[in-house]
Amino acid sequence: MEILLIGNGAREHAIAEAFKKNSRAALHSYLKSKNLGITSLSGSFEIGSYNDFELIKLFAQKSKPDFAFIGPEEPLKNGIVDLLGGMGVSSIGPSKSLARLETSKSFTRILLKKYKIEGNPKFRIFNDEDIGDAKGFIKELGQCVIKPDGLTGGKGVKVQGDHFKTGKDALEYCNEVLQAHPAVIIEEKLDGEEFSLQCLSDGKTVIAMPPVQDHKRAFADDKGSNTGGMGSYSCENHLLPFLTKKDVEEGLEITQKVADAVHKETGEFYKGVMYAGLIKTKEGINVVEYNARFGDPEAMNVLPLMEADFVEVCSAIINQNLNKIKIKFQKKATVCKYLVPDGYPDNPAKNEKITVGKIPGSAKLYYSSVEQKEDGLYTTNSRAIACLGISDNLEKAEKIAEEAAKSVKGRLFHREDIGTKKLIEKRIRHMKDVLN
Ligand code: GLY
């Protein structure tokens with residue numbers, strides 16, 4: 001099997017590793033910058049921009065893939081799946097139109113409303129022309145969330161109480177968003193615990209992977225700026241400490257309805273990853289957002305646990321027979337901690353040397369935005385290395401991830417609290433308060 005993998009982060013490193021568990025898989029990687037973790041698993045690779053369709057086309061012609069796997073959102077937004085489809089190459093990843101599930105928050109909110117899918121919070125969409133009317137809606141909501149209508153790498157969403165205080169601040173931020181985006185979405189603020197339910201879809205059948213909880217804030221105890229994700233955990237029972245089996249089933253039901261609605265709306269089948277960003281509230285499971293790809297870091301929590309052959313899973317997605325295969329995951333807990341440059345995300349210490357020391361045998365390291373130079377590894381301006389612990393329970397998995405993170409030296413930091421008992425108990429207490 002010849003597989004074209006697009007992407008160069010830790011998420012794609014985990015995807016490459018999942019493919020390489022199958023000895024027949026030959027990987028050809030197209031990356032924005034060199035990631036040794038991925039290139040060392042690849043038979044061939046090419047470095048280029050996600051906008052360089054000519055180069056991508058040439059590389060695909062040369063590598064003649066049986067299918068392509070698109071890791072990040074940027075090439076999906078650019079229409080890479082349409083490009084490859086035109087060359088007769090099927091992709092795991094949606095077309096440009098279907099990727100709107102992630103690239104246009106307004107598309108998704110309107111879709112859920114039109115098809116009467118549960119879990120949609122109160123929302124309204126404003127543009128340059130009618131933003132003057134937003135004041136009344138902000139007042140009506142009491143507390144709100146502001147979302148740019150476009151990709152922001154997880155850093156554009158602002159929540160009242162966390163990132164701004166008053167209705168006046170909300171309006172100011174809406175106007176700022178409209179300078180860079182065609183529209184802004186104002187939504188009611190939901191109280192609860194968020195989780196990521198990464199699902200595989202062949203357009204007809206949707207399968208959920210174990211739920212994961214990510215940590216967006218830069219510093220311990222959920223302080224600091226929003227980031228792409230500082231780390232994440234999953235539990236050996238394939239639930240989370242504040243989730244029931246019914247909650248996960250509800251999230252999957254919503255996602256299946258979204259896949260059906262997408263097909264009704266566009267006539268196209270969604271073949272790829274539907275990452276449901278969900279929140280458990282007093283009223284039940286609500287949709288925060290959909291992403292059209294695996295989460296980063298969340299991919300690292302689920303892919304290493306997959307017992308099924310990932311090449312076969314992808315073939316089933318393309319051939320639309322996901323309903324015929326059984327995908328099992330090891331009953332293990334995972335904790336992933338990201339090492340990021342000092343000052344990340346606002347003012348990251350770039351071009352600083354990193355030294356990887358002795359890693360515990362059971363830990364896994366996934367390279368993200370690091371540059372390999374002749375004399376070693378260097379930081380760039382984004383997340384550097386993800387450290388993953390897998391074990392029978394969270395406590396052990398956390399210890400492994402923490403030990404691995406501590407053995408990497410350089411101008412880096414990580415969140416020591418991710419996966420710890422103290423933080424998990426805080427989440428459970430918060431959920432109890434919300435439900436009472
Ligand atoms: N961890 C958040 C994301 O991948 O969007």
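The values are calculated or read from the model by the stated rules, or taken from the named source; none is laboratory data. Computed from a predicted structure; not experimentally measured. Cβ coordinates were reconstructed from backbone atoms using ideal geometry, including for glycine residues, and neighbour counts include every protein chain displayed. With ligands, DNA and RNA removed, areas are computed over all heavy atoms of the protein, side chains included. Shrake-Rupley method; radii C 1.70, N 1.55, O 1.52, S 1.80 Å.
The figures follow:
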item: Checklist (1) touching a residue at least 24 places away in the same chain (Cβ under 8 Å); (2) outside any loop (DSSP other than H, G, I, E, B) applied to residue 54, failing item; result: (1)
item: Long-range neighbours under 7 Å by Cβ, at least six apart or interchain, first residue touching a residue at least 60 places away in the same chain (Cβ under 8 Å) and farther than 23 Å from residue 246 by Cα within region 280-299, second of a type in the set (Gly, Ala, Ser) and within 10 Å of the ligand (Cβ to nearest atom); result: 296/9; 296/228; 296/229; 297/229; 297/231; 297/232
item: Answer from 307, 312 - the residue that is modelled with pLDDT of 95 or more, over 22 Å from residue 236 (Cα atoms) and open to solvent by 50 Å² or more (accessible area, probe 1.4 Å); result: 312
item: Residue 378 being closer than 26 Å to residue 27 by Cβ and open to solvent by less than 10 Å² (accessible area, probe 1.4 Å); result: no
item: The listed residue being open to solvent by less than 80 Å² (accessible area, probe 1.4 Å), in contact (Cβ under 8 Å) with a residue 24 or more places away in the chain and among the charged types (D, E, K, R), out of 396, 409, 421, 364; result: 364
item: Criterion violated by residue 238 - all others in (1) over 30 Å from residue 305 (Cα atoms); (2) touching a Pro at 6+ places or on another chain (Cβ under 7 Å) satisfied; result: (1)
item: Residue in region 5-37 that is surrounded by the most Cβ atoms within 10 Å (Cβ to Cβ), counting only those that are away from the ligand (no atom under 16 Å from the Cβ) and within 15 Å of residue 380 (Cβ to Cβ); result: 35
item: Strands (runs of 3 or more DSSP E) contained in region 207-267 and holding at least 1 residues surrounded by fewer than 16 Cβ atoms within 10 Å (Cβ to Cβ), more than 14 Å from the ligand (Cβ to nearest atom) and hydroxyl-bearing (Ser, Thr, Tyr); result: 223-226
item: In region 273-296, residue modelled with the lowest pLDDT [restricted to those that are within 13 Å of the ligand (Cβ to nearest atom), surrounded by fewer than 22 Cβ atoms within 10 Å (Cβ to Cβ) and of a type outside the set (Val, Ile, Thr)]; result: 289
item: Residue pairs meeting the criteria (Cβ under 6 Å; at least 6 apart or on separate chains; first under 13 Å from residue 98 (Cβ atoms), in region 250-268; second assigned to a helix (DSSP H, G or I) and of a type outside the set (Phe, Trp, Tyr)); result: 261/111
item: Odd one out for residue 173, checked against (1) hydroxyl-bearing (Ser, Thr, Tyr); (2) within 16 Å of the ligand (Cβ to nearest atom); (3) outside any strand (DSSP E or B); result: (2)
